[in-house]
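Here's the structure, in structure tokens; my notes come after.
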Amino acid sequence: MSNKPSSPSRRVFLRQSMAAVPAVGLLGTSALAQTQSAAPAAQAAYTPRYFTAPEWEFLQAAVDRLIPADEHGPGALEAGVPEFIDREMEGAYGHGGFWYMQGPFAPDTHPTLGYQLRFNPRELYRTAIAAIDDWCQKQHQSTFAALSPEERDGVLHALEKGDITLDQLPATSFFAQLLTNTKEGYFADPMYGGNKHMAAWKMIGFPGARADFADWVEQPGKVYPLGPVSIEGDKA
Amino acid sequence: MIRMKPVDVVIVGFGWTGAIMGIELADTGLNILALERGAYRDTSPDFSYPHNADELAYGIRGKLFQPLSRETVTIRHAVGDTAVPYRQYGSFLFGNNVGGAGIHWNGQHYRPSPEDLELHSHISKRYGAKFMPDDMQIQDYGLTYDELEPFLEQFEVLCGTSGRAGNINGEIKEGGNPFEGPRKRDYPTPPVADTYGARLFADAARALGMHPFPQPSDNASQPYTNPHGVRLGPCNLCGYCERFGCFMYSKASPQTTILPVLMRKPNFALRTHSHVTRINLDSTGKRATGVTYIDAQGRQVEQPADLVIVSAFQMHNVRLMLLSGIGTPYDPNTGKGVIGKNYAYQMMSSLGVFFDQDVAINPFIGAGSGGVQIVDDFNSDHFDHAAHGFVGGAYIYGGQTGGRPIQQLIVPPGTPGWGAAWKKAAKESYLHATTVATHGSVMSYRDRYLDLDPTYKDVFGQPLLRITFDWHDNEYKMSQFVTSRAQDIVRQMKPKATSLTLRKPGDHYDVRQYQTTHTTGGVIQGSSPETSALNRYQQSWDVHNVFVTGASAFPQNLGYNPTGLIGGLTYNSVKAIRENYLKNPGPLVQA
Ligand SMILES: Cc1cc2nc3c(=O)[nH]c(=O)nc-3n(C[C@H](O)[C@H](O)[C@H](O)COP(=O)(O)OP(=O)(O)OC[C@H]3O[C@@H](n4cnc5c(N)ncnc54)[C@H](O)[C@@H]3O)c2cc1C
């Protein structure tokens with residue numbers, strides 16, 4: 001089973017090698033250096049600190065569909081979104097430090113009154129991923145990560161619309177959380193682990209932390225010529 | 001309990017209005033103490049570049065906001081429902097440190113229209129009392145625009161507000177807002193240059209016979225020295241303004257207009273990490289003896305004072321009055337009582353305006369308030385409402401405050417929320433889209449109010465404030481009407497596509513969507529203790545040595561951003577304290 005292309009570990013390995021393992025074996029170091037200026041430098045593989053191995057597979061397989069790689073620009077995987085989310089889980093945000101988390105909880109309240117679950121982000125991911133993998137096992141006899149891209153899209157759409165019923169929590173709440181964190185990681189300053197090489201900023205034309213347009217206000221409609229800079233001073 | 005040495009004046013909360021009170025009272029030589037629950041914050045090092053240009057930390061996680069984990073509010077849509085906590089930020093954001101929300105506001109600096117201050121009288125006179133639905137309970141402020149004008153100007157001069165006058169002593173000026181109340185003088189500084197989106201909007205509005213003008217802004221357009229000798233520098237339209245501190249010393253805030261002078265006054269002291277839990281009263285209940293607060297180490301501290309200024313922001317002001325038992329709590333069943341009465345909010349709508357690839361909007365060039373154009377033709381009572389059947393209005397806003405991609409990236413209508421199609425749309429529209437929005441009033445109603453929640457508590461075990469609020473028909477109608485005018489402008493801009501966010505009848509108030517932090521009411525001012533909590537000098541009718549500043553005094557909400565009026569009312573109040581109250585402590589207005 002582990003040799004079949006559809007096996008989870010192999011798929012994940014392929015995803016990881018695409019995103020994380022540079023082709024050092026094939027190119028010499030100088031060739032690698034050359035490719036770095038043309039293409040984004042490959043990153044060292046990231047080892048998750050919060051997510052378990054199956055959760056990590058889920059996360060990569062999900063964000064890969066939320067923002068897929070294509071000719072228009074980086075996908076969430078090469079942008080480092082899973083790393084961003086994992087790092088967020090370890091901070092105050094992941095522990096619910098920014099949210100009011102005292103009970104009683106009334107999860108059936110009208111959605112317009114906002115998030116009312118008892119889970120902080122860490123718990124939300126852990127609970128939801130297990131439940132979704134469970135559901136996928138029952139429906140597809142496979143984990144989410146091992147599904148084909150089209151099947152994963154199908155599951156994500158169903159979560160978004162609330163067509164899947166999960167134990168313990170509404171699917172829509174988790175989907176909203178995942179999509180929000182994915183876009184955050186995609187567009188936040190690279191120092192948080194996502195938006196590697198500012199590639200998402202480059203794609204849309206956002207100059208990042210330049211934050212000085214005094215000379216540009218009175219040149220209306222002119223294309224802004226400078227690429228992005230990051231808070232730590234990288235240019236792209 | 002620790003008991004501190006008595007002071008003459010204690011200021012509860014050290015944001016915009018607390019700082020104005022502090023500097024205006026400092027000249028009297030009285031001993032003044034400000035208690036602020038948050039930390040000290042200053043331009044350097046707290047807002048310095050490049051760390052300030054961090055959308056995730058400030059714009060999204062809200063590094064400068066009140067941590068909801070410690071204290072929040074609860075919300076329900078109707079009397080009789082069970083309220084639930086506002087667990088994550090959405091609809092509005094609270095300030096939390098020295099400077100308050102004045103650090104991370106936009107700086108959109110408006111005056112009210114003259115009729116806004118006498119709204120009940122004005123509507124009754126022009127349209128008849130029956131024009132207002134039975135449950136609408138709008139009121140007058142107990143003072144007129146003409147009386148307030150010098151104080152509105154005083155706040156603009158403090159801030160170095162940039163803009164172009166539309167009405168100087170009754171003479172209408174080309175290029176300004178012809179609907180504004182008469183001003184004695186032009187703005188202290190000229191307007192910030194328009195961003196491209198704003199320019200396209202203004203051209204379209206003008207072609208339709210409307211009257212666009214540059215938004216009055218506390219983003220300085222040029223170097224400015226205010227009457228305290230504090231200096232602001234010109235704004236560079238960095239795009240990191242609202243939700244952020246300003247690294248350029250360009251956005252007016254307590255830090256950039258008052259604190260450099262006030263902090264050096266020997267008779268002024270500030271204690272940070274001091275969370276006030278109640279205002280203490282003597283045995284008669286008619287005089288305040290000071291306040292109790294919890295210090296950084298968690299100790300209860302009693303601070304005696306002769307005069308208590310409550311300037312903790314609208315929501316916190318109401319909560320402190322309720323926790324302290326000052327004034328009668330409002331009862332929505334009888335309409336009696338005043339504390340918590342007339343909570344109101346604002347109603348917004350917005351249009352995403354998408355152009356072709358050859359129109360370079362460069363949305364990241366933006367300031368919180370400068371560089372934007374406004375149409376005020378459909379706000380307040382600037383037009384005849386008779387045929388429309390609603391009270392109030394909205395201004396229409398064209399341009400953008402920045403292009404921060406997590407929060408501000410917009411995609412054309414019909415774009416999926418994720419996947420390859422979303423990404424393609426994000427890439428293709430980002431540089432070529434701008435926004436047109438309406439910023440509208442909300443009236444006050446018998447069943448919309450604030451009280452203490454019976455269930456949920458803050459980190460100190462005190463009950464949270466409970467909001468009972470949902471939209472009324474009047475506001476749906478207002479928003480529909482002004483949004484249609486905004487759509488006329490947008491059509492004239494000839495975009496490739498347009499998206500629309502409009503609140504329609506049946507839509508509940510949704511706390512997940514940011515609209516504005518312009519929450520109002522709950523400790524309203526007026527001309528009678530039967531119907532208001534404060535007199536026209538923002539002095540409590542019940543306890544004469546308690547004054548309450550901020551938008552909690554508004555009897556209903558405006559179509560404008562509130563702080564221009566808040567500042568004016570604060571200067572009006574402090575002048576009365578200085579010139580009358582201190583000489584003869586007691587009620588400034590006889591009930
Ligand atoms: C993102 C954003 C954008 C805004 N943009 C605009 C705009 O463009 N134009 C406009 O007119 N208005 C705007 N506002 C609103 C504006 O910031 C407020 O109207 C203004 O700051 C109110 O002044 P204040 O003194 O009442 O409260 P604040 O300035 O918020 O100050 C209150 C202070 O009291 C402290 N405090 C609260 N409770 C306690 C307690 N129990 N003990 C001790 N201290 C306490 C708080 O920590 C805070 O420092 C905006 C607000 C936000 C959040």
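Below, the figures for the structure above:
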quantity: Per residue, the convex hull volume that the Cα atoms of the stretch B:387-477 enclose (Å³); calculated: 207
quantity: Spatially proximal lysines relative to A:Lys161 (Cα-Cα < 27 Å; intrachain offsets below 8 disregarded); calculated: A:Lys138, A:Lys183, B:Lys423, B:Lys424, B:Lys427, B:Lys504
quantity: DSSP beta bridges in chain B [antiparallel fraction, %, rounded to 5]; calculated: 65
quantity: Nearby aspartates and glutamates by direct alpha-carbon distance to A:Lys222 (threshold 12 angstrom, same-chain neighbours under 8 apart not counted); calculated: B:Asp358
quantity: For the stretch B:139-247: rounded, prolate or oblate by the Cα gyration tensor [a/c cutoff 1.5]; calculated: oblate
quantity: Set of aspartates and glutamates near B:Lys286 by C-alpha distance (under 16 Å), chain-local residues within fewer than 8 positions excluded; calculated: B:Asp306, B:Asp542
quantity: Cα-only radius of gyration and Dmax that characterise chain B, units Å; calculated: 22.8, 73
quantity: Tilt relative to chain B, helix B:196-207 - C-alpha long axis, 0 to 90 degrees, to 10; calculated: 80
quantity: Taking A:Trp135, A:Trp99 and counting other C-beta atoms within 10 Å, the order from fewest to most; calculated: A:Trp135, A:Trp99
quantity: Peptide B:356-369, shielding by other chains (average Cβ, 10 Å cutoff); calculated: 4
quantity: Gap separating the Cα centres of the stretch B:488-517 and the stretch B:269-293, nearest whole Å; calculated: 43
quantity: HN-Hα J in Hz across the stretch B:452-457 - Karplus 6.51, -1.76, 1.60, θ = phi - 60°, x for Gly and Pro; calculated: 8, 6, x, 10, 8, 10
quantity: Estimated Rh, the stretch B:260-390: Kirkwood, alpha-carbon pairs, angstrom; calculated: 20.6
quantity: Per-residue mean of C-beta atoms belonging to partner chains within 10 Å, peptide B:51-60; calculated: 5
quantity: Relative contact order %, the stretch B:2-581, counting alpha carbon pairs below 8 Å whose residues are six or more apart; calculated: 23
quantity: Part-to-part distance (alpha-carbon centres) for the stretch A:143-158 and the stretch B:521-591, which is given in Å; calculated: 60
quantity: For the stretch B:100-147 versus the stretch B:418-471, the gap between their alpha-carbon centres in whole angstrom; calculated: 22
quantity: Order of B:Asp218, B:Asp542 - criterion: other Cβ atoms within 10 Å of each residue's Cβ, fewest first; calculated: B:Asp542, B:Asp218
quantity: Per-residue Cβ neighbour rank within 10 angstrom, fewest leading, B:Lys5, A:Lys161; calculated: B:Lys5, A:Lys161
quantity: Residues with amide H under 5 Å from that of B:Tyr395, placed H, sequence gap 5 or more; calculated: B:His439
quantity: Rounded if a/c under 1.5, otherwise prolate or oblate - the stretch A:142-236, Cα gyration tensor axes; calculated: prolate
quantity: Qualifying chymotrypsin sites (Phe, Trp or Tyr not before Pro) for the stretch B:436-529 [loop in DSSP, other Cβ within 10 Å: at most 16]; calculated: B:Phe460, B:Tyr514
quantity: Rounded to 10°, Cα long-axis angle of helix B:314-324 versus longest principal axis of chain B; calculated: 20
quantity: Evaluated over the stretch A:74-137, the Cα radius of gyration and Dmax, each in Å; calculated: 14.3, 42
quantity: Cα long-axis angle, helix B:145-159 against chain B (0 to 90 degrees, to the nearest 10); calculated: 80
quantity: Whole-Å semi-axes of the protein assembly as shown's equivalent ellipsoid (Cα gyration tensor); calculated: 46, 30, 27
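All of the numbers you see were taken from the coordinates with simple rules; none came from a lab. Model, not experiment: these values are computed from the prediction. No Cβ is skipped: glycine too gets one built from the backbone with ideal geometry, and neighbour counts run over all protein chains shown.
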